[in-house]
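Participant: Below are the structure tokens for one structure; questions will follow.
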Amino acid sequence: MGKKPKGQDETPSSAAKTINILLVVGALAVAAGIMWYALKSPEPDLRAALPKPSVTTLDPEQFSGKTRDAYEAAREVPEVLAQLPCYCGCMSGFGHRNNLDCFHDNHGVECTMCQDIAIDARGMYKSGIDIARIREKIKDKYGKYAALMK
């Protein structure tokens, strides 16, 4: 065997070693990312389980302003409002079962609390908050008024 020319070692240079290490680390990071994405469990959509109620609301087009907005909320997310109590006293005074019932009749026209609950709940639901958390937030905000209505 002959002599090697000057400057040619049998070991790769320091820069080549660094590049090789970076390539291996990069490939491992990409593989780990692909495996994590493939194996992660999807977030359950807690909203999918909400039943669509059969309550018919009044037509929002016959109202204006905040009242219209509230009746539109009742049309858009009835499954959410059907899961929420109303804290204005209508559940005992008018026999309503939930906030959605406030928009089945004219009660929601005059009651700003019913309107606020519907509008707030729709906003939270559209921002991705699950029904249990919406119920909790509505109770925290409006529940204190229930005692005053008795």
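Participant: In this structure, is residue 42 in contact with a Pro (Cβ under 6 Å, 6 or more places away or on another chain), in a loop (DSSP other than H, G, I, E, B) and at pLDDT below 90?
Facilitator: No.
Participant: List pairs: first in the stretch 85-100 and in the same structural domain as residue 112 (by TED's automatic domain parsing) and among the small types (Gly, Ala, Ser), second part of a loop (DSSP other than H, G, I, E, B) and surrounded by fewer than 16 Cβ atoms within 10 Å (Cβ to Cβ), Cβ under 8 Å, 6+ apart or cross-chain?
Facilitator: 89/150; 92/150
Participant: Among the numbered conditions (1) out of contact with any His (no Cβ under 9 Å at 6 or more places or on another chain); (2) under 21 Å from residue 52 (Cα atoms), tell me where residue 142 comes up short.
Facilitator: (2)
Participant: Continuing with the same structure: From the list 119, 129, which residue is closer than 25 Å to residue 58 by Cα and of a type in the set (Val, Ile, Thr)?
Facilitator: Residue meeting the stated conditions: 119.
Participant: Among residues belonging to the stretch 93-150 that are of a type in the set (Lys, Arg) and part of a helix (DSSP H, G or I), point out the one that is modelled with the lowest pLDDT.
Facilitator: Checking each candidate, the answer is 144.
Participant: Kindly indicate the residue of the stretch 2-24 that is in a loop (DSSP other than H, G, I, E, B) and of a type in the set (S, T, N, Q) and also modelled with the highest pLDDT among those meeting that condition.
Facilitator: 13
Participant: If a residue has to be crowded, with 16+ Cβ neighbours inside 10 Å and of a type in the set (D, E, K, R) to count, how many in the stretch 104-129 make the cut?
Facilitator: Within the stretch 104-129, residues that are crowded, with 16+ Cβ neighbours inside 10 Å and of a type in the set (D, E, K, R) number 3.
The values are calculated or read from the model by the stated rules, or taken from the named source; none is laboratory data. These numbers were taken from a predicted model, which means no experiment stands behind them. Note that each Cβ is placed from the backbone with ideal geometry, even for glycine, and that neighbours are counted across all protein chains shown.
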